[in-house]
Amino acid sequence: MKDVLFVAAGGALGTSARYSIQLLLPAAGADFPFGVLLMNWLGCLFLGWFFTVTLRSWRINPRWRLAIGTGFTGGFTTFSTFTVDAVRLTVHDRMLTAILYLLLSVGGGLFLTWAGIRLGTKMTQAAPKEEHL
């Protein structure tokens, strides 16, 4: 039961952060949903990095990993809004924009997750030892 509370607390913070950022960004109008794309990209980069560093070298309590990784990042990113935006664009005869949005979201998300994992891997590798002459 405690795990659920940690995920819920992290989710509340992630959702609040997403909502706050959405207030600062232009509304998801008919043109292009940049805000949702940005938040999902940030979430992909962060989650790839976070799970890499916390499983390799940053030993944190598994409940905190649940709260931050599953709860916060899950609340911060939004798959449902991504799909609604893609459908909205197609319904409004913006098929090319919808395809671009889908490609950027999925392709960019995969790339940024990979980049986060690479960054986390580089951060957790031991620095090379200096050679003495």
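The values are calculated or read from the model by the stated rules, or taken from the named source; none is laboratory data. Being a predicted model, the structure only gives us computed values, none of them experimental. Please note: Cβ atoms are built from the backbone with ideal geometry, for glycine as well, and neighbour counts cover all protein chains shown. Keep in mind that these areas ignore ligands, DNA and RNA; they rest on the heavy atoms of the full protein, side chains included. Shrake-Rupley method; radii C 1.70, N 1.55, O 1.52, S 1.80 Å.
Observations on the model:
- Screening LEU119, LEU96, LEU89 for residues that are in contact with a helix residue (DSSP H, G or I) (Cβ under 7 Å, 6 or more places away or on another chain) and open to solvent by 80 Å² or more (accessible area, probe 1.4 Å) leaves exactly one candidate, LEU119.
- Scope segment 32-44; condition aliphatic (A, V, I, L, M) and either within 15 Å of ALA17 (Cβ to Cβ) or surrounded by fewer than 18 Cβ atoms within 10 Å (Cβ to Cβ) (or both); matching residues: VAL36, LEU38, MET39, LEU42
- So ASP85, is it more than 19 Å from TRP114 (Cα to Cα) and not in a helix (DSSP H, G or I): no
- Some residue of segment 5-24 being hydroxyl-bearing (Ser, Thr, Tyr) and farther than 30 Å from VAL91 by Cα: no
- Of the residues making up segment 46-58, none is without any contact (Cβ under 8 Å) to a residue 40 or more places away in the chain, of a type in the set (Lys, Arg) and either touching an Asp or Glu at 6+ places or on another chain (Cβ under 9 Å) or open to solvent by 70 Å² or more (accessible area, probe 1.4 Å) (or both).
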